[in-house]
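These notes are about the structure you will find just below.
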Amino acid sequence: MEPSWPRAAFAEVDHLYGDFDSYVGEGLRLDAETAETLRAKPLTG
């Protein structure tokens, strides 16, 4: 994975939504309960 593209993606999220939590709620339209459920799950590949 090219390290610059994740940085650019997070920078765009911050630019458009102010922070990642706002992106989750406003951009992805996830309610707080769903977002918390997803945060509690480990990422696996």
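The values are calculated or read from the model by the stated rules, or taken from the named source; none is laboratory data. Keep in mind it's a predicted model, so treat the numbers as computed, not measured. FYI the Cβ positions are ideal-geometry reconstructions off the backbone, even for glycines, and counts take in every protein chain you see.
Of the residues Leu38, Leu30, Leu16, only one is among the aliphatic types (A, V, I, L, M), without any contact (Cβ under 8 Å) to a residue 60 or more places away in the chain and assigned to a loop (DSSP other than H, G, I, E, B); which?
Leu30
With the requirement that a residue be closer than 20 Å to Thr37 by Cβ, among the hydrophobic types (A, V, I, L, M, F, W, C) and at pLDDT 95 or above, what does segment 1-26 give you?
Val24
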